[in-house]
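Structure record follows, encoded as structure tokens.
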């Protein structure tokens, strides 16, 4: 099959491309470096010719809710419009488990806009909601670290290995559209503060962690809000197994 990936140069996009190519599929990366601009739609029509499915793993680093929603909305509209013109029969969107339960976070607002557009669009679709990735805790602390200390919210999460997410996306992309896919999660719940501590330790770094709800992740995300639903698909890789690959040598 011929599968296009929006966000192909990011971590999940790269892993998804590898999973698809190892299975014998042809991958079409949708990237600005190749003359394809998702925010304007330039180059999409040519790139999507003959494509059997599109996997959307695009991201946004903006923190203003209106900006995030506008950016995700523009990219998703352009993708769906081009897919409809090209006759692409399947749009696969990577989303977040519990995205409908969090109202105060800009990124979640952007993902909800993507989901809305996909559900109301003309292209048959599958939305795959995944929990936070194993590297999420270290990424969060990297945003706030100053002089050897970092703030971090004491979130309860059930993290998943990025490679496991990519494997699920590759599997879904070559199948028939399923609509709302079940949540995809790692094997075990984890405390985000402890995850950050253990990740830094494995990497040979010393960072003082300051738990707080005053940052990007507020108290509306406390408790089981970010945990997967009971019928979730559980991926195999544990946080400890992933952590082993991060240990300083």
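Listed values, structure above:
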quantity	calculated
Taking region 2-244 and dividing mean pair separation by its residue count, relative contact order in percent (alpha carbons under 8 Å, at least six apart)	20 percent
Nearest-ten-degree value, helix 192-202 long axis tilted from longest Cα axis of the chain	80 degrees
Peptide ranges 20-27, 160-167 listed from the most packed, as the mean C-beta count within 10 angstrom indicates	160-167, 20-27
Fraction of antiparallel bridges per DSSP, region 2-244 only, in percent to nearest 5	10 percent
Cubic angstrom per residue, convex hull over Cα atoms of the chain	129 Å³
Segment residue 139-residue 116, extension gain: residue separation times 0.36 nm, minus the distance between their alpha carbons	5.5 nm
Paramagnetic reach from residue 240 in region 176-218 [backbone N under 14 Å; point 7 Å along Cα→Cβ]	187-190
Cα pair count fraction exceeding 21 Å, expressed as % - region 118-249	47 percent
Overall form of region 183-223 per C-alpha gyration tensor (a/c, 1.5; a/b vs b/c)	oblate
Angle between the chain longest axis and helix 162-173 axis [Cα atoms, degrees, rounded to 10]	20 degrees
Label-to-label distance, nm, for residues given as residue 225 and residue 101 (7 Å Cα→Cβ offset)	1.0 nm
Volume of the Cα convex hull of region 46-139, divided per residue and given in Å³	107 Å³
Extended-chain gain in nm, criterion 0.36 nm per residue less alpha-carbon gap, residue 156 and residue 64	30.7 nm
Nearest 10 degrees, 0 to 90: helix 106-120 Cα axis against the chain principal axis	30 degrees
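Laboratory data are not the source of any read-out in this text; all were calculated from the coordinates shown. Here the structure is a predicted model, which means the values were calculated and not measured. Positions of Cβ are generated from backbone atoms using ideal geometry, with glycine treated the same way; all protein chains shown enter the neighbour counts.
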